[in-house]
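Enquirer: I have a structure here, written as structure tokens, and I will follow up with some questions on it.
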Amino acid sequence: MRIKKVAIFLLIGMLCFNQNIPVFAEVSPNVAKGVAIETPITPQWVNTNDVRLDLYFVNGKAECVGIINGISGTSNISATFKLERKGLLGWSLENSWSTSSKGASLSFYETDAVAKGYTYRLSVTARVTTNGVTETVNTFAEGKY
């Protein structure tokens, strides 16, 4: 009899603690309500509005595209873009390009030959200078050919 009472009190206790508790979160103003939008999580920088990388494959070539936008007052952007291939021992460098821009934005486009059946990664390391303050930003995009 005593075991039944203990079991009943445990069950009641578990049911009381298993209640739904409401959670409130703020919706971003640029997201339409009721619409499922998949948005990648991106880091936030001080001098940089956004960094976008795209990696496409067309006729045995990787098309590497990058856009870096600094905030108002950005005077210089310098960047190194790297195309890497994933192998059995990790990532190996296929090609590397360096470029710079005197202004608030930098655009990049290059192509390189690739082999079918491999995963490739386009990465960028950029230094963005705004009002004399320089920050380093990094990101990458991957794709399989």
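Bear in mind that the values in this text are calculations on the coordinates, not laboratory data. Note that the structure is predicted; figures quoted are calculated from it, not measured. In this analysis, Cβ positions are derived from the backbone assuming ideal geometry, glycine residues included, and neighbour counts consider all displayed protein chains.
Enquirer: Test of understanding: what is the full-extension gain from residue 44 to residue 112, defined as 0.36 nm times their sequence separation minus their Cα-Cα distance?
Expert: Here the segment from residue 44 to residue 112 would lengthen by 21.5 nm.
Enquirer: Shifting gears a bit: Counting Lys and Arg as +1 and Asp and Glu as -1, what is the net charge of the other residues whose Cβ lies under 14 Å from the Cβ of residue 59?
Expert: 0
Enquirer: Calculate, in nm to one decimal, what residue 131 and residue 7 gain on full extension: separation in residues at 0.36 nm each, minus their alpha carbon distance.
Expert: 37.9 nm
Enquirer: Provide 120, 109, 145 in ascending order of the number of other Cβ atoms located within 10 Å of each residue's Cβ, fewest first.
Expert: Final ranking by Cβ density, sparse to dense: 109, 145, 120.
Enquirer: At 7 Å along the Cα-to-beta-carbon direction for both residue 92 and residue 142, put a label point, then send me their distance in nm to one decimal.
Expert: 1.8 nm
Enquirer: What's the local net charge at residue 68, with K and R +1, D and E -1, over the other residues with C-beta under 11 Å away?
Expert: Local charge sum for residue 68: +1.
Enquirer: Next up: For a quick check: sort 85, 2 by the number of other beta carbons within 10 angstrom, fewest at the front.
Expert: Arranged by neighbour count, lowest to highest, 85, 2 become 2, 85.
Enquirer: Something else now. Tell me, 78, 107 in order of fewest to most beta-carbon neighbours within 10 Å?
Expert: 107, 78
Enquirer: Sticking with this one: Note down the relative contact order for region 76-119 as a percent, whole number, built from C-alpha pairs under 8 angstrom at least six residues apart.
Expert: Dividing the mean separation by the residue count of region 76-119 yields 41 percent.
Enquirer: For region 59-133, compute the number of Lys pairs whose alpha carbons are separated by less than 20 Å, excluding pairs fewer than 8 positions apart on the same chain.
Expert: Lysine pairs, 8 or more places apart or on different chains, close enough: 5.
Enquirer: Excluding residue 122 itself, calculate the net charge of residues whose Cβ lies under 15 Å from the Cβ of residue 122, where each Lys or Arg counts +1 and each Asp or Glu counts -1.
Expert: Once positives and negatives cancel, what remains is 0.
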